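Below: one structure, written as structure tokens.
The values are calculated or read from the model by the stated rules, or taken from the named source; none is laboratory data. Just so it is clear, the structure is predicted and the values come from calculations on it, not from any experiment. Cβ coordinates were reconstructed from backbone atoms using ideal geometry, including for glycine residues, and neighbour counts include every protein chain displayed.
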Amino acid sequence: MDDAVRAPRWATVTATLFGIGYLRPGPGTCASAVTMLSWAALASRTPESVRLPLLLALAVAVTLVGIPAATRAARAAARKDPGFVVIDEVAGQLISLVAAPLKWKTFLAGFILFRVFDILKPPPVRQMEQLPGGTGIVLDDVAAGIYALAVMQLLLHLGLLK
């Protein structure tokens, strides 16, 4: 492959979440699961007062770094949204877990809700895909994560995830 069309190493490593994007089947589902399990491990060792700001900071950082990484990886692959780019799942999955208690039920619900909204892409999630480059790749999953967050908070408010 010509160096002119190869994505920078940092972009490939970031966009594929250290190669998880190359796993088959379901690289996006694998990335979501790794993200959820990683957050569970980190959050369980983090003081409660720091968890929410830390999770928000991680989601913002992943989004801000993920957009240029996804742009470069997609451009190098000459594809609009290559399946191996999974940094978008990381951002969306993190968002789905904002303010969720550290319980297996909430982690499972956040995982399922995010994957459902990411796959179904209700409006305006699908429309976000039309944004150029990595912006569209990442922001549609951010929007799916926001949908999952809203439903998660509703389920928690209704006491359905005790």
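Taking first residues from region 108-126 that are surrounded by fewer than 20 Cβ atoms within 10 Å (Cβ to Cβ) and partners that are hydroxyl-bearing (Ser, Thr, Tyr), the Cβ contacts under 8 Å between residues at least 6 apart in sequence or on separate chains come to 122/147.
Here's the yes/no breakdown for (1) in contact with a helix residue (DSSP H, G or I) (Cβ under 8 Å, 6 or more places away or on another chain); (2) closer than 22 Å to residue 26 by Cα:
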position	(1), (2)
46	yes, no
57	no, no
79	no, yes
88	yes, yes
97	yes, yes
110	yes, yes
120	no, yes
128	yes, yes
140	yes, yes
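Just one of (1) charged (D, E, K, R); (2) at pLDDT 95 or above; (3) farther than 27 Å from residue 19 by Cα fails for residue 89. It is (3).
Residue-wise test of (1) loosely packed, with under 13 Cβ neighbours inside 10 Å; (2) small (Gly, Ala, Ser); (3) in a loop (DSSP other than H, G, I, E, B).
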position	(1), (2), (3)
41	yes, yes, no
50	yes, no, no
55	no, no, no
58	no, no, no
61	yes, yes, no
70	no, yes, no
73	no, yes, no
94	no, no, no
98	no, no, yes
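Look at residue 77 and say whether it is among the aliphatic types (A, V, I, L, M) and at pLDDT 95 or above.
Here the answer is no, as residue 77 does not meet what is asked.
Residues that are closer than 22 Å to residue 55 by Cβ and assigned to a loop (DSSP other than H, G, I, E, B) occur at least once in region 103-117.
Regarding region 83-97, can at least one residue be identified that is at positive phi and among the aliphatic types (A, V, I, L, M)? Let's see the steps before the verdict.
From region 83-97, those at positive phi are none; that's our starting set.
No, region 83-97 has no match at all.
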